[in-house]
Structures are given as C-alpha cells and as structure tokens.
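Asks: The structure under discussion is supplied below as structure tokens; questions concerning it will follow.
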Amino acid sequence: MKVDRLALLSIKALSLEVTKEAYSFREDRIPKDWNYDIDAGYDRKPGLWPPENKADNPSLQNPLLRQERMGCGWLGAIFEWEGVLIEDNPEIEKQAWLALSQEEGKSPPPAFILRRIEGMKNEQAISEVLCWSRDPAQLRRMAARKEEIYQALQGGVYRLRAGSKEFVNVLMHYKIPMALVSTRPRKTLESAMGTIGIDGDFNVIIAAEDVHRGKPDPEMFIYAAQLLNFIPERCIVFGNSNQTVEAAHDARMKCVAVASKHPVYELGAADLVVRHLDELTVVDLKNLAAIESSEFGSEPELEMELEEDDEPSASTMTAVDDIFW
C-alpha cells in the first residue's frame, strides 16, 4: 500500500509539471497584441467584463481612477434648446410655416402635418413631409426664408425657463460635460445664448449646419455624444417631446422629458419626467446613467426549429388507415 501511495504521488507530481509546461507553452504561443497600462483608465484586454467605457472596472489598481470612472464625469448631458432651456412658443413656429406657404403659393399645411414636422430641419420638412420641392437650391432658399420669418415673429426675445440656469450651474460645478443641440442656425443659436448669458457653459454646440436630419432621427444626439467622447449608454438627453424620447432611445441613450408644452401623462415613454430642470439632482442623473435597460441588452438568440418530414411515416399512415376503415 505504501509503495502504491508513493507511486500515485509521483504520478500526480509529474502530471502537474506536464500541465504547467503545457500552459506556459500555450501562453508563449498566444499573441499578446494588446498594449495598455494598468492605470490608464481603460483595459483593452479582450474578454473582460464590464466592457470598456460602461461601468466600474475592478481590475484597475488605482482607486482614484475607479472613483473618477464612477463619478459625475462618467456621464454626459445633452440639452435641447427650445422648451428645455428657454421658453418655447409653438404658435410662432406654426405661423412661420403658414406665412411661408402663403409666400410660395402652397396650400397651408394642416395641424397634423405641423405637429409631424416639429423638431425637423427646415429642409427635411419641406422635402419629405410638405413635399414642396426636392431641388437643393430651392430647399436652401425656402429653409432660410422660413427661418427669417420665424426670427421676425419671435422678435429676438429669449427667456430662460425657471430652474434651467440653476441646473446648468450645478452640472458645471460637478464638471459634467454638456452639449446643446438645436435645428436652428448656429449664428442664431450663439447670438441667443449670449443674450441670456449662457454662452461658454456648454462643451459642444450642435446646430442645423452640423447634421443632415432632425428629429425623430437620432443623428444630432449621436454626433453630440461623439464630440463629448462618450458612449451613448452614458449620455442623458433632456427634451420636451415624444420625438425626442424616440430619438434618444433609438440612439441607446436615456431621456429626461421636460413637461413644458406637453402634459406629464403624454411623456410617459421617457425615463424621467419633470416640469422644471431644477427638480433633478446629480444623484438622479448618476442613478439613471447606471441603469442597464433591457432594451439596450444583447439581442436574444434564435432558437433552432426542428425540421418536420414532408412525407408521413409508415406508422402514421397505418394508424390513419386503421382509423378510416
């Protein structure tokens, strides 16, 4: 028995050595094409979870970097202009479209068409919804004229919504990157921002010249996230319509709806609904950015379907014949 035990121990030791040599040989053969510093704030080694730029990374050896990744700088805020930061008067927009239709000799667009083109670029609305023209030169001319009519009716008077400036100041205090998106021309947008004293508060400004399409296309929000250097899942969009909610969710972003021109119950598809921005806290935003919604998860795997024989088996035919006779 003693001899057998010694033989067994020697066999185990030999197997461990062989296994260790095999693993070392395999590790030498595996190409290590990733080069990263452990304290660089990210980990490019394949197969790790959570993925890059999505959540805390316990493998980081620097606790300050881990705290920064989980802090306020780990989310980006994307604001719409009208109805969120400033007071919005939808009637002026409708009057501008009606005046343009009269100038161009077109039929005045009905109310449901005017609701549909809310948030779109002027060129997009004219060509795709109103169908007034598809000539690029005519589209630019009519879009510019419509904007002139709007600015004349609006009178250059802008008023901040209650609580919006305070909320922006809070985000600036916590160094949360912010972007402003609008389908207004950049010149008009920057002039209005200077008028109400928020020029310089935003890291990124997206205007009509920067995108091809407005809402409900998510192009504006995706471009803003790229300029902020954030993945969409860590961006929060602040808007005031269901078109904004749809575009944000299509871009895999969270959305906070501000009930300025729509009642709260109509904005239920948003992740949060508030009447004024100062109702929110930084903790609310961090909690919202930390939610991994099921709609943002991986696509479900398709189940294999069993193939059925076209020709019935002999047993089935026999059973049917027996029942028939």
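The values are calculated or read from the model by the stated rules, or taken from the named source; none is laboratory data. Quick caveat: nothing in here was measured; it's all calculated off a predicted structure. All Cβ positions, even for glycine, are placed from backbone atoms using ideal geometry, and neighbour counts span all protein chains on display.
Asks: Can you go through Arg213, Arg252 and tell me which one is closer than 29 Å to Glu128 by Cα, in contact with a Pro (Cβ under 9 Å, 6 or more places away or on another chain) and part of a loop (DSSP other than H, G, I, E, B)? It would help to see each step written out before you state the result.
Replies: Values: Arg213 fails: in contact with a Pro (Cβ under 9 Å, 6 or more places away or on another chain).
Among Arg213, Arg252, only Arg252 is closer than 29 Å to Glu128 by Cα, in contact with a Pro (Cβ under 9 Å, 6 or more places away or on another chain) and part of a loop (DSSP other than H, G, I, E, B).
Asks: Can you name every one of the helices (runs of 4 or more DSSP H) wholly within the range 107-188 that holds 1 or more residues which are of a type in the set (D, E, K, R) and closer than 30 Å to Glu279 by Cα? Talk me through it step by step, then tell me what you get.
Replies: Values: elements: 111-116, 136-154, 164-173.
Helices (runs of 4 or more DSSP H) meeting the threshold: 111-116, 164-173.
Asks: Whether any residue in the range 162-177 is in contact with an Asp or Glu (Cβ under 7 Å, 6 or more places away or on another chain) and within 21 Å of Gln243 (Cα to Cα) is what I want to check.
Replies: From the range 162-177, those in contact with an Asp or Glu (Cβ under 7 Å, 6 or more places away or on another chain) are 163, 166-168, 172; that's our starting set.
Still in the list and also within 21 Å of Gln243 (Cα to Cα): none.
Scanning the range 162-177, I find no residue that is in contact with an Asp or Glu (Cβ under 7 Å, 6 or more places away or on another chain) and within 21 Å of Gln243 (Cα to Cα), so the answer is no.
Asks: What pairs come out if I take residues in the range 203-230 that are under 22 Å from Asn169 (Cβ atoms) and pair them with residues that are of a type in the set (S, T, N, Q) and surrounded by 19 or more Cβ atoms within 10 Å (Cβ to Cβ) whose C-beta lies under 8 Å away, six or more apart or interchain?
Replies: Note: pairs meeting the criteria are Ile206/Ser182.
Asks: Now for a different question. Report yes if Gly200 is surrounded by fewer than 18 Cβ atoms within 10 Å (Cβ to Cβ), outside any helix (DSSP H, G or I) and not assigned by TED's automatic domain parsing to the domain that holds Glu147, otherwise no. Don't jump to the end; show me each part of the working.
Replies: Working: surrounded by fewer than 18 Cβ atoms within 10 Å (Cβ to Cβ): yes; outside any helix (DSSP H, G or I): yes; not assigned by TED's automatic domain parsing to the domain that holds Glu147: yes.
In short, yes.
Asks: Among the residues of the range 150-167, is there at least one that is among the small types (Gly, Ala, Ser), in the same structural domain as Ala207 (by TED's automatic domain parsing) and buried (at least 16 other Cβ atoms within 10 Å of the Cβ)?
Replies: Within the range 150-167, one or more residues are among the small types (Gly, Ala, Ser), in the same structural domain as Ala207 (by TED's automatic domain parsing) and buried (at least 16 other Cβ atoms within 10 Å of the Cβ).
Residue-by-condition table, conditions (1) of a type in the set (Asp, Glu); (2) under 21 Å from Asp217 (Cα atoms); (3) touching a His at 6+ places or on another chain (Cβ under 7 Å):
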| position | (1), (2), (3) |
| --- | --- |
| Glu87 | yes, no, no |
| Glu93 | yes, yes, no |
| Gln102 | no, no, no |
| Ile113 | no, yes, no |
| Glu123 | yes, yes, no |
| Asp135 | yes, no, no |
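Asks: Please verify whether Ile205 is in the same structural domain as Asn242 (by TED's automatic domain parsing), under 21 Å from Val282 (Cβ atoms) and not in a helix (DSSP H, G or I), treating the condition exactly as stated. Please lay out each step first, then the result.
Replies: Details: in the same structural domain as Asn242 (by TED's automatic domain parsing): yes; under 21 Å from Val282 (Cβ atoms): no; not in a helix (DSSP H, G or I): yes.
For Ile205, the condition - in the same structural domain as Asn242 (by TED's automatic domain parsing), under 21 Å from Val282 (Cβ atoms) and not in a helix (DSSP H, G or I) - is not met.
Asks: Just need a number here: residues in the range 247-265 that are farther than 21 Å from Arg161 by Cβ and either among the β-branched types (Val, Ile, Thr) or surrounded by fewer than 19 Cβ atoms within 10 Å (Cβ to Cβ) (or both).
Replies: Adding up the residues that qualify gives 2.
Asks: What's the number of the only condition in (1) under 22 Å from the mean Cα position of the chain (by Cα); (2) modelled with pLDDT of 90 or more; (3) outside the structural domain of Ser182 (by TED's automatic domain parsing) that Glu52 fails to meet?
Replies: So Glu52 meets the others, but not (2).
Asks: What single numbered condition from (1) outside any helix (DSSP H, G or I); (2) among the β-branched types (Val, Ile, Thr); (3) surrounded by fewer than 15 Cβ atoms within 10 Å (Cβ to Cβ) fails to hold for Thr195?
Replies: Of (1) outside any helix (DSSP H, G or I); (2) among the β-branched types (Val, Ile, Thr); (3) surrounded by fewer than 15 Cβ atoms within 10 Å (Cβ to Cβ), only one is false for Thr195: (1).
Asks: Do you know which residues across the range 275-302 are at pLDDT below 70 and either more than 15 Å from the chain's Cα centre (by Cα) or assigned to a helix (DSSP H, G or I) (or both)?
Replies: Ser294, Glu295, Phe296, Ser298, Glu299, Pro300, Glu301, Leu302
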